[in-house]
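Since the structure comes first, as structure tokens, the remarks are kept for the end.
The values are calculated or read from the model by the stated rules, or taken from the named source; none is laboratory data. Please read all numbers here as calculations on a predicted model, not as lab measurements. All Cβ positions, even for glycine, are placed from backbone atoms using ideal geometry, and neighbour counts span all protein chains on display. We work out accessible area using only protein heavy atoms, side chains counted, and drop any ligands, DNA or RNA first. Shrake-Rupley method; radii C 1.70, N 1.55, O 1.52, S 1.80 Å.
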Amino acid sequence: MNILITGGAGFIGSHVVRLFVEKYPNYHIFNLDALTYAGNLENLKDIESKSNYTFLKGDITDEFFVNKVFEKYKFEGVIHLAAESHVDRSIKDPLCFVKTNVIGSMILLNAFKNTWKDHFENKLFYHVSTDEVYGTLGQIGLFTETTSYDPNSPYSASKASSDHFVRAYGETYNMPYVITNCSNNYGQNQFPEKLIPLFINNIINNKPLPVYGDGNYTRDWLYVKDHAIAIDLVFHQGKSGETYNIGGFNEWKNIDLVKLLCQQMDAKLNRAEGTSEKLITYVKDRPGHDLRYAIDASKINKELGWKPSVTFEEGLKKTIDWYLNNEEWLNSVTSGDYQLYYEKQYKNG
Ligand code: NAD
Ligand code: DAU
């Protein structure tokens with residue numbers, strides 16, 4: 001069985017690729033990735049020479065290239081993760097998000113449809129999406145699979161749009177699909193522009209920790225390997241045409257999370273208690289900042305038996321250890337263009 005995983009050199013994608021390559025020797029896993037600033041083949045060094053793994057460098061917005069690889073390899077399953085994924089970047093350059101997340105997804109959908117025409121038996125297009133499509137919650141309530149879409153950022157609007165197209169292809173062309181909408185992931189190999197790895201990197205380097213607004217925004221955090229396990233389960237046992245929410249049952253206000261991170265980092269770095277907290281700096285808020293995300297993951301729990309296996313305290317410790325042991329990785333991804341982005345993004349902070 002030939003399986004295409006898009007965005008496999010990125011944060012979540014690399015964990016999914018590794019899981020599939022190691023767990024399913026009878027599958028051939030093709031990782032299609034453009035290697036943008038967020039994609040890094042170092043993430044897959046340990047499995048790159050496996051005989052059931054092939055890397056395809058290419059852009060999902062390149063229709064000619066995508067059609068060519070579908071023709072050649074006839075992918076029976078697609079797990080689509082490639083995307084522009086950072087909300088702050090989407091505020092600065094929304095069009096890039098439409099190109100990759102909407103047009104790129106459309107090109108993949110067309111290639112999949114045209115490969116199998118009406119013969120979709122045992123085929124599946126799996127679209128990996130986000131809880132941000134539901135917009136924001138107030139102080140109470142949870143996102144369920146039937147919550148109306150109400151995206152607030154260019155990133156979430158582009159992901160919502162691609163979700164709609166996937167569903168539309170299912171309805172119109174009887175194309176088998178599943179969609180999962182997941183909460184905030186954290187763990188090893190996450191690019192240090194997102195809250196947790198950015199703050200770990202800044203604490204290591206004694207740089208300010210830029211907390212947006214008053215810090216009272218809430219996110220539901222899930223360890224990335226638990227997300228990869230959920231994706232494996234949904235790919236093999238999910239019902240075609242269904243959506244599943246995935247979340248950590250683990251809500252944290254940003255400021256509380258940052259304080260916990262500071263405590264754990266002080267302990268790891270043998271710094272006096274309270275040292276890292278002094279780096280906390282409140283900065284200008286993110287425009288359109290969603291107040292709270294929280295997932296009701298009871299459907300995937302009841303139907304497929306999935307639940308997170310790692311507690312937040314354990315996951316955060318593993319994450320911190322990984323970044324401290326991989327400073328070379330951290331330094332290489334934070335040099336060059338990233339420095340320019342960082343300076344622009346936080347110049348008013
Ligand atoms: P990431 O930014 O770390 O990785 C994205 C990958 O896609 C990179 O390897 C990049 O090179 C590749 N890519 C980008 N544009 C491409 C293009 N045009 N053609 C081919 N490859 C391209 O992202 P991530 O955090 O791993 O997220 C992966 C997916 O999961 C995304 O679809 C995202 O919307 C979704 N998601 C992320 C989270 C999260 O917390 N990170 C939560 C829920 C859902
Ligand atoms: O909910 C799932 C989504 O989670 C994914 O779809 C996105 O791809 C992923 O980037 C993430 O989006 P967020 O915007 O929630 O993640 P981020 O790490 O950028 O921010 C988390 C919270 O921390 C958010 O409330 C903004 C705040 N924040 C973030 C940064 C980068 C700060 O206060 N300061 C910062 O410097």
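Observations
- Unique residue being free of Cβ contacts under 8 Å to residues at least 24 places away in the same chain, more than 16 Å from ligand 2 (Cβ to nearest atom) and closer than 27 Å to residue 154 by Cα when the list is 108, 95: 95
- Considering the range 22-60, the residues that are hydroxyl-bearing (Ser, Thr, Tyr) and within 20 Å of residue 188 (Cα to Cα) include one that is farthest from ligand 1 (Cβ to nearest atom), namely 37.
- Identification of strands (runs of 3 or more DSSP E) wholly contained in the range 1-97 with 2 or more residues that are open to solvent by 40 Å² or more (accessible area, probe 1.4 Å) yields 53-57.
- Failed item in (1) among the polar types (S, T, N, Q); (2) surrounded by 14 or more Cβ atoms within 10 Å (Cβ to Cβ); (3) touching a Lys or Arg at 6+ places or on another chain (Cβ under 9 Å); (4) over 23 Å from residue 133 (Cβ atoms), with residue 301 passing the rest: (4)
- Criterion (in contact with a strand residue (DSSP E or B) (Cβ under 9 Å, 6 or more places away or on another chain) and touching a residue at least 12 places away in the same chain (Cβ under 8 Å)) met by exactly one of 149, 134: 134
- Count of the range 250-278 residues which are under 16 Å from residue 315 (Cβ atoms) and either among the acidic types (Asp, Glu) or not in a helix (DSSP H, G or I) (or both): 4
- Members of the range 160-201 that are in contact with a Ser or Thr (Cβ under 7 Å, 6 or more places away or on another chain), within 11 Å of ligand 1 (Cβ to nearest atom) and open to solvent by 10 Å² or more (accessible area, probe 1.4 Å): 189
- Pairs, first of a type outside the set (D, E, K, R) in the range 330-349, second part of a helix (DSSP H, G or I), C-beta under 7 Å, six or more apart: 330/201; 330/323; 334/201; 345/88
- The set of residues in the range 111-148 being polar (S, T, N, Q), away from ligand 2 (no atom under 16 Å from the Cβ) and over 21 Å from residue 3 (Cβ atoms) consists of 146, 148.
- Residue match in the range 229-239 (condition: within 19 Å of residue 198 (Cα to Cα), without any contact (Cβ under 8 Å) to a residue 24 or more places away in the chain and either more than 10 Å from ligand 2 (Cβ to nearest atom) or touching a Gly at 6+ places or on another chain (Cβ under 7 Å) (or both)): no
- Entirely in the range 144-246, the strands (runs of 3 or more DSSP E) that have 3 or more residues that are out of contact with any Asp or Glu (no Cβ under 9 Å at 6 or more places or on another chain): none
- Lone unmet requirement of (1) open to solvent by 50 Å² or more (accessible area, probe 1.4 Å); (2) at pLDDT 95 or above for residue 349: (2)
- Criterion violated by residue 131 - all others in (1) touching an Asp or Glu at 6+ places or on another chain (Cβ under 7 Å); (2) crowded, with 24+ Cβ neighbours inside 10 Å; (3) among the charged types (D, E, K, R) satisfied: (1)
- When each of 281, 311, 319 is tested for being surrounded by 15 or more Cβ atoms within 10 Å (Cβ to Cβ), of a type in the set (Ser, Thr, Tyr) and at negative phi, the lone residue that passes is 319.
- Residues satisfying the stated conditions in the range 1-46, i.e. among the charged types (D, E, K, R) and over 28 Å from residue 122 (Cα atoms): 42, 45, 46
- Qualifying residue in the range 243-255 (condition: of a type in the set (Val, Ile, Thr), open to solvent by 20 Å² or more (accessible area, probe 1.4 Å) and within 16 Å of ligand 1 (Cβ to nearest atom)): no
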